[in-house]
Amino acid sequence: MRIGELGKATGATARALRHYEQAGLISSERAANGYRVYDERTVARVRNIRYLLAVGLTLDDVRAFLPCLDGDMSTAPPSESGLRVAVERLTVLNDRIAAQTEARDRLKAALDRRTAELPRSPA
């Protein structure tokens, strides 16, 4: 199947598919005309990549799942290495959220102080 067909079957854009291929997550053959041609099994692989990205993993994280990308990941029992990657990503996300929350709170406090100093206009 060509890249447009794979995109329609998986909901991925051609750009995303080329990115997955560049990252080594999927592969294609080249037709005589130079077009990428994908195996039918790539549909499941791309759906799994998109599933993992949707739950918050990165493409680097997805590489840890290469051995099981061709199966039904949404119902398969998680592997120990997969769980480890997910826990590590969750820790990173929680740390980022905490840092952003602190930055927001500091900004809000600074704005509250500044707006409290502004003269009140008569009503």
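Return a yes/no flag: does segment 26-39 have any residue that is part of a helix (DSSP H, G or I) and surrounded by 10 or more Cβ atoms within 10 Å (Cβ to Cβ).
No, segment 26-39 has no match at all.
Look through segment 3-21, keep the residues that are among the aliphatic types (A, V, I, L, M) and more than 16 Å from residue 51 (Cα to Cα), and return whichever of them is surrounded by the fewest Cβ atoms within 10 Å (Cβ to Cβ).
So, considering only residues that are among the aliphatic types (A, V, I, L, M) and more than 16 Å from residue 51 (Cα to Cα), the one surrounded by the fewest Cβ atoms within 10 Å (Cβ to Cβ) is 14.
Tell me, which residue of segment 1-41 that is of a type in the set (S, T, N, Q) and farther than 17 Å from residue 74 by Cβ is farthest from the chain's Cα centre (by Cα)?
Restricting to residues being of a type in the set (S, T, N, Q) and farther than 17 Å from residue 74 by Cβ, the top hit is 33.
Restricting the search to segment 103-118, which residues are loosely packed, with under 10 Cβ neighbours inside 10 Å and among the basic types (Lys, Arg)?
Answer for segment 103-118, where residues must be loosely packed, with under 10 Cβ neighbours inside 10 Å and among the basic types (Lys, Arg): 113, 114.
The numbers here are math on the coordinates, done by the rules we state, and not lab data. Just so it is clear, the structure is predicted and the values come from calculations on it, not from any experiment. No Cβ is skipped: glycine too gets one built from the backbone with ideal geometry, and neighbour counts run over all protein chains shown.
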